[in-house]
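Structure record follows, encoded as structure tokens.
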Amino acid sequence: PDAVLAGGVTGPPASGKSFYSQELATFYNIPRVHIKQISDLALEISLLDEEKIGEDEEKMMIKTKCDELRENMAAAMEEARGEPPEDTEWPEIDKTTLPIRVTDEILWKLLSKRITQNDCRNRGYILDGFPRVYKDAQYIFLKWKQTYDEEGNPEEEPEQDLEEGQAKDFSAYIADLSIMPSNC
């Protein structure tokens with residue numbers, strides 16, 4: 001094909017996004033990257049033993065964040081159910097089965113990693129159910145424009161201290177062409 005095969009399928013619930021994404025992926029023989037698969041991968045990683053994770057910082061960050069979400073949910077459930085009836089005890093909450101929602105930060109990191117893999121880079125990809133909002137697209141498709149100091153040394157991306165409800169400023173960011181398909 002002459003065009004770059006990268007796109008996303010969005011729409012309201014039950015409008016056929018997954019169906020048409022799969023049809024397009026099959027027709028063009030390109031990978032379909034479904035946000036549910038990315039979320040499931042994060043949950044799988046979060047259930048791994050620390051020994052299996054080893055020194056992989058990204059996986060350890062995912063495990064730590066998900067464990068924290070599970071702890072918070074378990075604490076909220078304990079508080080909500082209160083004291084057990086007399087002469088009984090509440091069963092222990094199995095934290096591994098709690099239905100946590102993977103944070104956007106984790107989804108952005110895993111999705112960025114997925115669309116830079118060879119199959120997506122070489123054949124293109126179709127995003128199913130992502131980005132959900134404009135902010136998601138900014139975090140995935142933009143990167144900080146590298147700047148250099150007077151001596152020619154690269155400067156680090158400045159940390160933005162955001163207050164609650166304040167959005168990150170993307171004015172110094174540019175399109176990340178490294179995640180775009182290269183051989184379509």
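Key figures for this structure:
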read-out: Solvent-accessible area, 1.4 Å probe, carbon plus sulfur percent, for segment 12-122; value: 51 percent
read-out: Segment 63-113 pair-distance distribution - Cα-Cα, 5 Å bins, rounded %; value: 4, 17, 23, 18, 14, 9, 6, 4, 3, 1, 0
read-out: Pairs of lysines in segment 39-177 (C-alpha under 19 Å apart; 8 or more residues apart or interchain); value: 22
read-out: Area projected by the alpha carbon convex hull of the chain, averaged over all directions, nm²; value: 16.4 nm²
read-out: P(r) histogram, all alpha-carbon pairs of segment 119-181 included - 10 Å bins from 0, percent; value: 17, 39, 29, 14, 1
read-out: Per-selection Kirkwood Rh - segment 9-73 (Cα, Å, 1 d.p.); value: 14.1 Å
read-out: Computed [θ] at 222 nm, helices only, for the chain once each DSSP H run of length n ≥ 4 contributes -39500 (n - 2.57); value: -13000 deg cm²/dmol
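The values are calculated or read from the model by the stated rules, or taken from the named source; none is laboratory data. Everything numeric here is computed off the predicted structure, so don't read it as measured data. To get the accessible areas, we keep the full protein, side chains included, count just its heavy atoms, and leave off ligands, DNA and RNA. Shrake-Rupley method; radii C 1.70, N 1.55, O 1.52, S 1.80 Å.
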